[in-house]
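Scroll down for the structure; my scribbles are underneath it.
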Amino acid sequence: MTTFDEKKAVEIHQALHSHLPSEPALRVKALESLLIEKGLTTSETIDAWIEAYSEEIGPKRGALIIARSWVDPEFKKRLMADAAKAIEEFGFEGKATGHLKAVENTDKIHNLVVCTLCSCYPFSILGIAPTWYKTAAYRSRAVRDPRGVLNEFGVMLNDDIKVCVWDSTAELRYLVVPQRPSGTDNLNEKELAELVTRNSMIGTDRDLNSQAKVKS
Amino acid sequence: MDGIHDLGGKQGFGPINVTEPTEPFHEEWEARVWGISCSTGAPGITIDWWRYIREMTIPEDYLTRPYLDSWSESDMVTLVDSNICTVEELATGKSNTPRLEDANNITVDQALEANRMSSRRFDRPSNADPKYIVGNDVVTCQFTSTGHTRLPAYVRGKPGKVYAYHGAHLLPDAGAKGEEIAEHLYTIAFNACDLWPEAHDSNDIIFVDLWESYFDN
């Protein structure tokens, strides 16, 4: 059983730092071999999880949720009231979505999600977090210089648009609901979902009109 | 703890690599880390103890090693701490003890179902009434636990306003010690101009989810 002993944890970190190979691929290979030899997992099981998070669980799930919120006002109400419950309609609940909240962009509000203390992310609807989301650069600056961060992503906001930054310090997770691009009245839910970028659901993308133009 | 992980507002980092490929994994070993992490784990650990272990990573490693590599190292700490394996075994990749069990293979469909079933809730009943209601002014503590806490340094000793109330949730400071304490959780709105000197004319808002014992008033 785990010890909850912080001194011991520090000592183990130091021992691993001293004794493990420096190259990540070698460390992970040794870890995998050991766990398989001990009968704790199998190569096939590891492959299955990788495939699940490469093919099925990813931002296309989030995009389907957003697209439905654009075409179905009743679903939108349920999503804004209790996103954790609303995504069960798709069977998309899972890792880190037990307390999901949806936050909506408007003409006057832009939402941006970060986890300054670690890298909390709603895995089951957005998949593996992009590396930039986990970097010191993003985590340090999103709460202090959100407009500067957005500029680097190509998002230029007028001064009259308020930025709302959501720092995921508890088990709540945030999903940004981007604005529906104009001129998309003729598109169905599936076509609309193709316009929704991963970054727009984190808040580092805003205007999906350019996506709409590419598709039309 | 006042660790290297507490990055909000620290200066000198950047710019951000915005041209990263969109694939979920950029290296084969990253994918393996994810698959290993999803399929194994030390029994009895809490998410808070795991995060605390992650925070105790050697600071230079925390800042310089690839994220999922450093993340995997925290998993290794939990395995050693729980006597599931030794540092020597992790270094060699070879087990020093006979196999005690056999893991089953799972299919992609089973992984998807296991993922769906892994949604967890952290709210718990509480006999105490919440001390604050939406709209109340609060001031955050200057100090909290010396161990694990989820009150970031950049919002300590700061004025904020209760934006939302979420019921009582498990307190991470206790969870990191293996204890279950339910405490009222709120989303607090901080004005950027109250946090950063350069933001004096900003209307931007930073929302942070904080527990009741993180407030002074």
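The values are calculated or read from the model by the stated rules, or taken from the named source; none is laboratory data. All values reported here derive from a predicted model rather than from experimental measurement. A quick note on method: Cβ atoms are made from the backbone with ideal geometry, for glycine too, and the neighbour counts reach across all protein chains shown. The area values use the complete protein model at the heavy-atom level, side chains included, leaving out ligands, DNA and RNA. Shrake-Rupley method; radii C 1.70, N 1.55, O 1.52, S 1.80 Å.
A few points about this structure:
- For the range A:54-110, the spread of Cα positions along each principal axis, largest first, Å: 35, 20, 20
- Between chain A and chain B, the total buried accessible area stands at approximately 9500 Å², from heavy atoms with a 1.4 Å probe.
- Under Stokes-Einstein, with the Kirkwood radius over Cα pairs as Rh, the value for chain A at 20 °C and 1.002 mPa s is 110 µm²/s.
- Counting only DSSP H runs of at least 4 residues, each contributing -39500 (n - 2.57), and dividing by the residue count of the protein assembly as shown, the helix-based mean residue ellipticity at 222 nm comes to -10500 deg cm²/dmol.
- Separation of alpha-carbon centers, the range B:47-72 and the range A:80-126, rounded to whole Å: 24 Å
- Along each principal axis, Cα extent of the range B:20-80, largest first, Å: 35, 28, 17
- Cα gyration tensor shape for the range A:131-209, rounded if a/c is under 1.5, else prolate or oblate: prolate
- Taken one residue at a time, the phi angles of the range B:37-44 give Karplus couplings (6.51, -1.76, 1.60, θ = phi - 60°) of 5, 6, 9, 9, x, 7, x, x Hz. Gly and Pro are set to x.
- Net charge of the neighbourhood of B:ASN96, taken over other residues with C-beta under 9 Å away and scored Lys/Arg +1, Asp/Glu -1, is -1.
- Across B:SER74, A:SER210, the residue with the most accessible area heads the list, and the full order at a 1.4 Å probe is A:SER210, B:SER74.
- Whole-percent carbon and sulfur share, accessible surface of chain B, 1.4 Å: 52 percent
- Of all accessible heavy-atom area on the range A:73-216, the percent that carbon and sulfur account for (1.4 Å): 48 percent
- Near B:ARG54: Cβ cut-off under 14 Å, other residues only, Lys/Arg at +1 and Asp/Glu at -1. The net charge is -4.
- Orientation-averaged projected area, Cα convex hull of the range B:28-117 (nm²): 7.2 nm²
- Equivalent ellipsoid semi-axes - Cα gyration tensor, the protein assembly as shown, angstrom: 34, 27, 21
- When chain A is treated as a GNM with alpha-carbon contacts under 10 Å, the residue of A:LEU157, A:LEU126, A:LEU175 showing the greatest mean-square fluctuation is A:LEU157.
- Spatially proximal lysines relative to B:LYS10 (Cα-Cα < 16 Å; intrachain offsets below 8 disregarded): A:LYS134
- Ranking A:THR116, B:THR64 from most to least accessible surface, computed with a 1.4 Å probe over the protein chains only, gives B:THR64, A:THR116.
- Here B:ILE133 and A:MET156 are evaluated by their C-beta separation; at R0 = 41 Å the FRET efficiency comes out at 0.60.
- Here the translational diffusion coefficient of the range B:137-214 follows from Stokes-Einstein with Rh set to the Kirkwood radius across Cα pairs; for 25 °C and 0.890 mPa s it amounts to 187 µm²/s.
- Calculated diffusion of the range B:73-217, Stokes-Einstein form, Kirkwood radius summed over Cα pairs, 10 °C and 1.306 mPa s, µm²/s: 84 µm²/s
- Accessible surface ranking that places the most exposed of A:THR184, B:THR40 first, with a 1.4 angstrom probe: B:THR40, A:THR184
- Gaussian network model of chain A, springs between alpha carbon atoms under 10 Å - residue of A:THR135, A:THR41, A:THR97 with greatest fluctuation: A:THR41
- Within the full protein context, the accessible area of B:ILE45 is estimated at about 50 Å² for a probe radius of 1.4 Å.
- Candidates per GluC sites (Glu not before Pro) in the range B:10-83, loop by DSSP, up to 11 other Cβ within 10 Å: none
- In the range B:81-121, trypsin sites (Lys or Arg not before Pro) in a DSSP loop with at most 16 other beta-carbon atoms within 10 Å: B:LYS94, B:ARG99, B:ARG120, B:ARG121
- Gaussian network model of chain B, Cα within-10 Å springs - most flexible of B:GLY178, B:GLY41, B:GLY12: B:GLY12
- Accessible area (Å², 1.4 Å probe, nearest 10) - B:LYS131: 130 Å²
- Shown here for the range B:111-217: GluC sites (Glu not before Pro) in loop regions (DSSP other than H, G, I, E, B) with at most 14 other Cβ atoms within 10 Å, namely B:GLU179, B:GLU180.
- Degrees between helix B:108-117 axis and first principal axis of chain B (Cα, 0 to 90, nearest 10): 30 degrees
- Only beta bridges with both residues in the protein assembly as shown are counted; by DSSP, about 55 percent of them are antiparallel.
- The Cα atoms of the range A:2-41 cover 28, 24, 11 Å along the three principal axes, with the biggest extent listed first.
- Local net charge near A:LEU117, Cβ-Cβ under 10 Å (Lys/Arg +1, Asp/Glu -1): +1
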